[in-house]
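Colleague: Take a look at the following structure, please.
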């Protein structure tokens, strides 16, 4: 990836505990993920960021451990409020919801945080951990809506351009490319027209109502 020109890398890491990680991911591969992080650091990526979805009673007791893990390795980390993507049976979302404000308050019990002035155009709002290289981001779709500043779209493994995680509308890039191979002008125009349709905002709720049937693992990113 680094040789291909990729400069930044995101890694999902919701737990540093092996059994808990395996329960979340349905794969006992925490050691491989940690080794991959070390390999990415050695490869010289400009910035590596961890993404952690915080859930009360499931992994919120690891917030400080995850921050320390990031600081020790010079990584950034973003804590994410759980989004209602796909139906789940392992827990009730209204009971496990943990707001970004609560997570930040826990971190500030140990570390001083200074609000970053950097604007990324994405959903995360960053705070610098004083005395370290690490920035802590908070993605807060419920407690602090960020839609007005979001410029992000995602391309799925199936070749669809998803305009917003909170909506099912998407552009089928694979079909377009197969129908018109090598037609860069047509692709460019299709992207421009699709971006004009990017929804104004999501309508997530922290209760059991599923807003989007598609799981995050199906979307990627």
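Any read-out appearing in this document is the output of simple, stated calculations on the displayed coordinates, not a laboratory observation. Just so you know, these numbers come straight off a predicted model, no measurement behind them. All Cβ positions, even for glycine, are placed from backbone atoms using ideal geometry, and neighbour counts span all protein chains on display.
Colleague: Using a simple spin-label model with points 7 Å from Cα along the Cα→Cβ vector, what separation in nm is obtained for residue 31 and residue 1?
Modeller: With each label placed 7 Å out from Cα toward Cβ, I get 2.2 nm.
Colleague: So for 96, 134, 25, fewest C-beta neighbours within 10 Å to most, what's the order? Spell out each step's value before the answer.
Modeller: Values: 96 19, 134 23, 25 15.
With the sparsest Cβ surroundings first, the list reads 25, 96, 134.
Colleague: Sticking with the crude label model, points 7 Å out along Cα→Cβ, report the distance from residue 109 to residue 130 in nm, one decimal please.
Modeller: For the pair residue 109/residue 130, the computed spacing is 1.9 nm.
Colleague: Follow-up question, since we're still on this one. Please give, to one decimal in nm, the separation of the simple spin-label points placed at residue 38 and residue 143, each 7 Å out from Cα toward the Cβ.
Modeller: About 3.4 nm separates the two model spin labels.
Colleague: Of all DSSP beta bridges in the range 8-147, what percent run antiparallel (nearest 5)?
Modeller: On the way: 8 of 23 bridges.
Roughly 35 percent of the DSSP beta bridges within the range 8-147 come out antiparallel.
Colleague: P(r) for the range 8-147: what percent of alpha-carbon pairs falls in each 10 Å bin, starting at zero?
Modeller: Binned Cα distances yield the sequence 11, 43, 37, 9, 0.
Colleague: Bin by bin, in steps of 10 Å, what percent of the Cα pairs in the range 154-197 do you find, going until the bin that has the longest distance?
Modeller: Percent of Cα pairs in each bin: 29, 56, 14, 0.
Colleague: If neighbour count is taken as other Cβ atoms inside 10 Å, put 56, 8, 135 in order from fewest to most.
Modeller: On the way: 56 15, 8 10, 135 21.
By the 10 Å Cβ count, ascending, the order reads 8, 56, 135.
Colleague: Sticking with this one: As a test of understanding, state the convex hull volume per residue of the range 99-148 from its alpha carbons, in Å³.
Modeller: Numbers: hull volume 3.4 nm³, N = 50.
About 68 Å³ per residue, rounded to a whole number.
Colleague: Among 104, 115, what is the fewest-to-most ranking by other Cβ atoms within 10 Å? Each step should come with its number before you reach the end.
Modeller: Working: 104 17, 115 9.
If I rank by nearby Cβ atoms, fewest first, I get 115, 104.
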